[in-house]
Amino acid sequence: MLIDLALRLGSPAGPRQRLSILIFHRVLPRPDTLHDDLPDAQRFDQLVGWLCRWFQVLPLDQAIRRLEDGSLPARAAAITFDDGYADNLTVAVPVLQRHGVTATFFIAASFLDGGRMWNDTVAEALRICRADHLDLRDLGLANYALTDPPARRSALSSLLGHAKYLPQPERQRLVDEIAQRVGERLPDDLMMTTKQLLALRDAGMQVGGHTLTHPILARIDDRQAREEIAGGKARLESILGQHIELFAYPNGVPGRDYGRQHVEIIRQAGFRAAFTTAAGAAGRGSHLYQMPRFTPWDRSRLRFGARMVRNLSVAEAVV
């Protein structure tokens, strides 16, 4: 096939080696009308199957070592997850195990055992809201229609886009206000428990750091950034009894979500590699603390493969 040939040419073994690192967040047990952009178990199984058909999927720590010493196989890839959702263990891991694949899970440590990320508070509030509108005009926002699934998705996209780069205290006040106005109990089991994290490790999966509370590092001061990065690492190491050597930047866009000082903080904290959300595939000369990650969401096998091919030639973004 053309895809096979293009991948062999674009991701050979040897000096021109390339490592494609895929990023996921959640895998849902079934399709969700609110989160129609997230893969469910069947879709994820399909994606992993395509990946295993075209690539040699390696554990991330092994892939990084082999990238450094020049021994990566042709068409090398790795799979990662961010944040620490419970469905990573209950839904994604069984799929990975069926395919014989090891993934790395970057955990925001403070959300273990009942925590909830701010974006999920907004999403679950909109999901549960019984009214057909949510009026936030007194907060300088809009009167959001919630009349059907597309309207709720539109409201969620608008609110997340508005809130993402607000200062953390201001964003939390807005999120809490939305939850209060909806007035319904929100789920507290979206993220992993400590027991589930241990089960993830015992299933042979790898764990990496993702700060304590998932702040956008560029929006907090350097002292807070150090506490978030080192504190998340220390908590995971305490739970797992093992060294945590890989890190993923929250949100992860170079220059917008983190800066050069954060690269140095991560290195000083004792991590040996860090990963962004910028597209591209890593090569022998890639910055070890700014490794690119990418996932095509195409629905067809051919389009998925073609986009993976194109990603091999994307220029890497670093600060």
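The values are calculated or read from the model by the stated rules, or taken from the named source; none is laboratory data. Here the structure is a predicted model, which is why all the values come from computation and not from measurement. Ideal geometry is used to build each Cβ from the backbone, glycine not excepted, and the neighbour counts take in all protein chains shown. Each accessible area value is taken on the protein alone, full model and side chains, heavy atoms only, with ligands, DNA and RNA left out. Shrake-Rupley method; radii C 1.70, N 1.55, O 1.52, S 1.80 Å.
Restricted to region 308-317, and to residues there that are part of a helix (DSSP H, G or I) and in contact with a strand residue (DSSP E or B) (Cβ under 7 Å, 6 or more places away or on another chain), the residue that is farthest from Phe55 (Cα to Cα) is Asn311.
Restricting attention to region 16-45, the residues that are among the charged types (D, E, K, R) and either touching an Asp or Glu at 6+ places or on another chain (Cβ under 8 Å) or open to solvent by less than 10 Å² (accessible area, probe 1.4 Å) (or both) add up to 4. Scanning region 143-194 for residues that are surrounded by 14 or more Cβ atoms within 10 Å (Cβ to Cβ), over 26 Å from Gly84 (Cβ atoms) and in contact with a Lys or Arg (Cβ under 9 Å, 6 or more places away or on another chain) gives Tyr144, Ala145, Leu146. Each residue in region 2-15 was checked for being crowded, with 18+ Cβ neighbours inside 10 Å and assigned to a loop (DSSP other than H, G, I, E, B), and 1 pass. Screening region 120-142 for residues that are under 24 Å from the mean Cα position of the chain (by Cα) and small (Gly, Ala, Ser) and picking the one that is surrounded by the fewest Cβ atoms within 10 Å (Cβ to Cβ) gives Ala125. Across region 57-85, the qualifying residues are those that are surrounded by fewer than 16 Cβ atoms within 10 Å (Cβ to Cβ) and among the polar types (S, T, N, Q), and the one among them that is nearest to Asp189 (Cα to Cα) is Gln62. Residues that are among the aromatic types (Phe, Trp, Tyr) and under 22 Å from Asn119 (Cα atoms) number at least 1 in the following strands (runs of 3 or more DSSP E) confined to region 197-299: 246-248, 273-275. So, Gly305, is that one in a helix (DSSP H, G or I) and modelled with pLDDT of 95 or more or not? Criteria met by Gly305. Contact map, region 6-20: residues that are closer than 8 Å to Ala76 by Cα and touching a residue at least 60 places away in the same chain (Cβ under 8 Å) paired with residues that are open to solvent by 30 Å² or more (accessible area, probe 1.4 Å) and assigned to a strand (DSSP E or B), Cβ distance under 8 Å, separation 6+ or inter-chain. Pairs shown: Ser11/Arg18. Return a yes/no flag: does region 202-212 have any residue that is open to solvent by less than 10 Å² (accessible area, probe 1.4 Å), farther than 30 Å from Leu126 by Cα, without any contact (Cβ under 8 Å) to a residue 60 or more places away in the chain and not β-branched (Val, Ile, Thr). Checked region 202-212: no residue is open to solvent by less than 10 Å² (accessible area, probe 1.4 Å), farther than 30 Å from Leu126 by Cα, without any contact (Cβ under 8 Å) to a residue 60 or more places away in the chain and not β-branched (Val, Ile, Thr).
Taking the criterion of being out of contact with any helix residue (DSSP H, G or I) (no Cβ under 8 Å at 6 or more places or on another chain) and part of a helix (DSSP H, G or I), the residues of region 16-45 that qualify are Gln42, Arg43. Scanning region 267-292 for residues that are closer than 20 Å to Ala74 by Cβ and modelled with pLDDT of 95 or more yields Gly280, Ala281, Ala282, Gly283, Ser286, Met291, Pro292.
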